[in-house]
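Down below is the structure, laid out as structure tokens.
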Amino acid sequence: MAHRMNVLVCSGASCISNNSLKVKEALLAEIERLDLKREIKVIETGCMGPCQLGPVLLVYPDETLYKKVQVADVREIVEQHFLKGRPVERLMYKSPLTDELVHKSRDVDYFKKQYKIVLANCGSIDPESLDEYIAVGGYEALGKALTEMNPDSVLDEIKISGLRGRGGGGFPTHLKWMFTKNEKSKEKYVICNADEGDPGAFMDRSVIEGDPHTLIEGMAIAGYVVGASKGYIYVRAEYPLAIERLEKAIAQAKETGFLGENIFQTDFSFDLEVRVGAGAFVCGEETALIHSIEGKRGTPRPRPPYPSASGVWGKPTVLNNVETYANVRHIILNGGAWMAKIGTETSKGTKVFALSGTIKNTGLAEVPMGTTIRELIYDIGGGAPEGHEIKAVQLGGPSGGCVTPEYFDTPIDYESLTALGAMMGSGGVIAMDETACMVNTAKFFLDFTCFESCGKCVPCRVGLKQMYGILDKITKGEGEEEDIEALETLGKTIKATALCGLGQTAPNPVLSTIKFFRHEYEEHIFEKKCRALVCKDLISYEINKDACKACTLCAQKCPVDAIKGERGVVHEIQQEKCISCGNCYDVCPFGAVMRLSGEN
Amino acid sequence: MEALKIHIPDNEQYRELGAYIESVRNMPGPLINVLHKAQGIFGYLPMEVQAFISRELDIPLSTVYGVVTFYNFFSMTPRGKYVINVCMGTACYVKGAGKVVDYFKDELKVGEGETTEDNLFTLTTARCFGACGLAPVLMVNEDVYGHVDRKKVTEILKKYRSLG
Ligand SMILES: Cc1cc2nc3c(=O)[nH]c(=O)nc-3n(C[C@H](O)[C@H](O)[C@H](O)COP(=O)(O)O)c2cc1C
Ligand code: SF4
Ligand code: SF4
Ligand code: FES
């Protein structure tokens, strides 16, 4: 039975933590109260993308996008909009450029430059309903592959599409599949890497939570091509909702016959199992991931042999990222040539980016390859918040590097980003403004990689620690002239000698910040100055005599009694006692406490 | 390390774990699944539990121990009733997650990885929950909180303290 209206409630992780499920309950209660149940359907969807606006509601067929909806708003929406047909303007999205109401979701700036293939169903169907997936063409690609095509012709389409791995490396997918297909073995496997280790990336999570069947379908097609009858999806433990939805989707697919024996009455059989990670970044590396599936410590091993020859349980294995598999059904349905038309010479199709950091619109955005960094962070991301300016974006997480504004017109593809010293990586884009210290940021990444190093090889285990030590010294104001060179030399050596991708890329954030922000390093070393006012040991606090109203608040909050003064007497910080904790700066109601660096 | 010398009590928890192990006995490479289950039942993985798993799966205790210590998710010390997990991923870091950790240290008087004396809270950090759009983010057990500042830290602690 068709409903007059469909109300999509975003239940991505961000919206849930902003109470979207309570909003949904309130909607259902209101609809029940007004007896609209037969007319209006409420659907819980995966992440719609514009997390900054959450909780988000999308009303069809009107295409009205409501932002920041709270339980208290629900009654008005139901009564005014659903019942009387008058959308509630105060909750609708306004264009930040023109300040005008946007009546159709597709006209929202955030969506305008996007091109959705991978995320097409995320936020538009109920991820827990197989029927809805089928209604939008779900499992048609699998059916077509199994009944109208053979493994070679499927492989051809993948090749024509130009699809490359979305997990970081950008390796051509058809080659991986072909290598595995050509191995002679009765037992082969298909693995999905859903470990999503780059902190700052959350597209894989959103695809699984918002559209789990797309992943299942892509993996089954891969199984058909290479001749595998079993697959594993390795999901990180931090994503309980993704695990739950995936388990549910697999059960549905088995029940309906899209997984299991003799799929589509052919002699192809395929089964999937979810394996849950246990919190180790290095397990995103393919050989470590395979060890982890086998129940072992997740340490990488040298390649070759590649997983295509010897993967899980020593058998030929295809291993791809979530987003890679999510492209597959679209290629089969539309043909490889369709996808090859989108993108740049070397990089085809789209890429999903996760925008975060000091940027107005945080969330997920899918754009065609070849979109410029500027379009991504200004047209879609809205740029920095008022009064701030983006000084760099970090691409590729702890393996990547930063890009500065003079390169923002670079079209995004695998090669161009690598040439800049950054990396496509998994698609995490973190914007940083003048409040970020680049030396400290580099130190942050090294802290991460040092902690996550599996310890198997010396360059990574010992070398990264040394680099960290030097950075730590610099941020503490103890840096010496030769430190920058030492960092560069160490970095290059580690890159050349570490065993796996973790060590080989870990120095990148340091090398790239030295390249673009050498002056910040030099200021820390020679002037003992941190311009972003982040490095605690380089900051001093002083009270502006003219602004101090002698309220005594700062003196009360100072943990070491460094502040002299009493009511009516202007306060003063005794520098020899001050430990730069910043409490006084935080509490002064008159902004009289000044944070300074490198002034003496 | 000799597994069998550790005395293992016969109680409800061990019976539940034992039954789970039976159900995965034919699955290849079950150790990590079993450890997840065990941590779910016991809250942590003391030597005794590891010895039980070692015996039941017929895997050397040193191997079990090696796996437990490799993965950050597994803990060998008991945790508080509420585990406060502050995200230190890049997006959260850029938005001041370090300060959030300091606020908790300040208010709870514990360091990272430590548990308060009343066993109510354990303070830990993690790398990205995939909710970066809300940075800085933290989780208390399974609940996610976004845009956390000093005020919110106080509110969160108050809420869980009142729940007891
Ligand atoms: C330290 C390290 C971490 C990685 N983390 C991930 C990850 O979280 N997700 C992912 O898909 N690939 C990750 N990779 C890349 C994988 O090793 C592998 O190349 C990829 O999953 C292959 O899939 P694709 O060809 O579809 O990109 C990581 C690599 C390294 C060296
Ligand atoms: S490079 Fe680092 S993570 Fe990779 S094998 Fe060596 S020690 Fe382990
Ligand atoms: S920064 Fe901290 S220690 Fe220094 S004066 Fe202010 S409150 Fe006291
Ligand atoms: S970096 Fe904190 S949730 Fe992703």
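Just so it is clear, none of the values below were taken in a lab; they were calculated from the coordinates. Please read these numbers as outputs of a predicted model, since none were measured by experiment. Every residue, glycine as well, gets a Cβ built from its backbone with ideal geometry; the counts of neighbours run over all protein chains shown.
The relative contact order of the range B:1-109, computed from alpha carbon pairs under 8 Å that lie at least 6 residues apart in sequence, is 25 percent.
Stick to Cα atoms and the Kirkwood definition of Rh, then tell me Rg/Rh for the range A:539-597.
Working: Rg = 9.8 Å, Rh = 11.0 Å.
Looking at the range A:539-597, the ratio lands at 0.90.
Determine, for A:Arg297, A:Arg106, A:Arg329, the number of other Cβ atoms within 10 Å of each Cβ, and report the residues in order from fewest to most.
On the way: A:Arg297 21, A:Arg106 10, A:Arg329 26.
Going from least to most buried by this count: A:Arg106, A:Arg297, A:Arg329.
The distance linking the range A:352-372 with the range A:64-121 is 20 Å (Cα centroid to Cα centroid, whole angstrom).
Pairs exceeding a 32 Å alpha-carbon distance, out of A:Lys348/A:Lys465; A:Lys296/B:Lys109; A:Lys391/B:Lys109; A:Lys24/A:Lys84; A:Lys112/A:Lys188; A:Lys68/A:Lys113: A:Lys348/A:Lys465; A:Lys296/B:Lys109; A:Lys391/B:Lys109; A:Lys112/A:Lys188.
Remark: A:Lys41, A:Lys465 ranked as A:Lys465, A:Lys41, counting other beta-carbon atoms within 10 Å and listing the fewest first.
How big is the antiparallel share of DSSP beta bridges in the protein assembly as shown, given as a percent to the nearest 5? If I count the DSSP bridges inside the protein assembly as shown, around 55 percent turn out antiparallel.
Kindly express, to the nearest 10 degrees and within the range 0 to 90, the angle between helix A:173-182's C-alpha long axis and the longest C-alpha principal axis of chain A. Helix A:173-182 sits roughly 50 degrees off the main axis of chain A.
Taking the Cα centre of the range B:12-70 as origin, work out the dipole magnitude from +1 charges on Lys and Arg Cβ and -1 charges on Asp and Glu Cβ, in debye rounded to 20. Before the final figure, lay out the partial values.
Details: 4 positive and 6 negative charges, 21 e Å.
Roughly 100 debye, rounded to the nearest 20.
Given their separation in residues at 0.36 nm each and the Cα-Cα distance between them, A:Ser153 and A:Asp561 gain 139.2 nm when the chain is fully extended. When you filter the GluC sites (Glu not before Pro) in the range A:49-117 for DSSP loop state and at most 14 other Cβ atoms inside 10 Å of their Cβ, you are left with A:Glu63, A:Glu100. Note on A:Glu25 and A:Met5: the model spin-label points, each 7 Å out from Cα along the C-beta direction, lie 2.2 nm apart.
Just to be sure I understand: if I project the alpha-carbon convex hull of chain A onto a plane and average over all orientations, what area do I get in nm²? Working shown, then result.
Details: hull surface 122.4 nm².
Averaged projected hull area, Cα only: 30.6 nm².
Considering only DSSP states other than H, G, I, E and B, which trypsin sites (Lys or Arg not before Pro) in the range A:513-564 qualify as loop sites with at most 14 other Cβ atoms within 10 Å? Sites meeting the loop and neighbour criteria: A:Lys545, A:Lys549.
With viscosity set to 0.692 mPa s at 37 °C, what whole-number translational diffusion coefficient in µm²/s follows for the range B:82-163 from Stokes-Einstein and a Kirkwood radius over Cα pairs? Present the calculation step by step, with values, prior to reporting the outcome.
On the way: Rh = 12.3 Å.
The Stokes-Einstein estimate is 267 µm²/s.
Hey, what's the per residue convex hull volume over the C-alpha atoms of the range B:1-82, in cubic angstrom? Intermediate results must be reported in sequence, preceding the final value.
Working: hull volume 7.8 nm³, N = 82.
Measuring per residue, one finds 95 Å³ for the Cα hull of the range B:1-82.
Which is farthest toward the positive dipole end of chain A among A:Tyr115, A:Ser105, A:Val318, measuring Cα position about the Cα centre, with Cβ charges +1 (Lys, Arg) and -1 (Asp, Glu)? Toward the positive end, the furthest listed residue is A:Val318. Within the range B:148-162, name every residue whose backbone N is under 13 Å away from a label modeled 7 Å from Cα of B:Glu117 along the Cβ vector. Counting only backbone N, you get no residues.
Using the count of nearby Cβ atoms within 10 Å as a rough guide to exposure, how do A:Ser399, B:Ser162 rank from fewest to most?
Values: A:Ser399 23, B:Ser162 7.
Lowest to highest Cβ neighbour count: B:Ser162, A:Ser399.
A crude spin-label estimate for the pair A:Glu140 and B:Arg150, with each label 7 Å from Cα along the Cβ direction, gives 5.8 nm.
Under the rule of -39500 (n - 2.57) per DSSP H run of 4 or more residues, summed and divided by the residues of chain A, what mean residue ellipticity at 222 nm is obtained, to the nearest 500 deg cm²/dmol? Don't jump to the answer; show the numbers that get you there.
Details: 22 runs with 209 residues, N = 600.
Value at 222 nm, helices only: -10000 deg cm²/dmol.
Looking at chain B, I'd like the Rg to Rh ratio, where Rg is from alpha-carbon atoms and Rh is Kirkwood's inverse mean 1/r.
Working: Rg = 18.3 Å, Rh = 17.5 Å.
Across chain B, the Cα-based Rg/Rh ratio is 1.05.
Provide, for q = 0.10, 0.13, 0.14, 0.16 Å⁻¹, the log10 of I(q)/I(0) from a solvent-free Debye sum over equal Cα point scatterers in the range A:130-340. Computed log10 I(q)/I(0) values: -0.37, -0.65, -0.77, -1.03. With a simple spin-label model that places each label point 7 Å from the Cα along the Cα-to-Cβ direction, the separation between A:Ala340 and A:Asn262 comes to 3.8 nm.
Using the Cβ of A:Glu478 as centre and a radius below 15 Å, the other residues enclosed give a net charge of -3, where K and R count +1 and D and E count -1. Rg ratio for the range A:455-547: its Cα radius of gyration over 2.2 N^0.38 Å, N being its residue count, equals 1.29.
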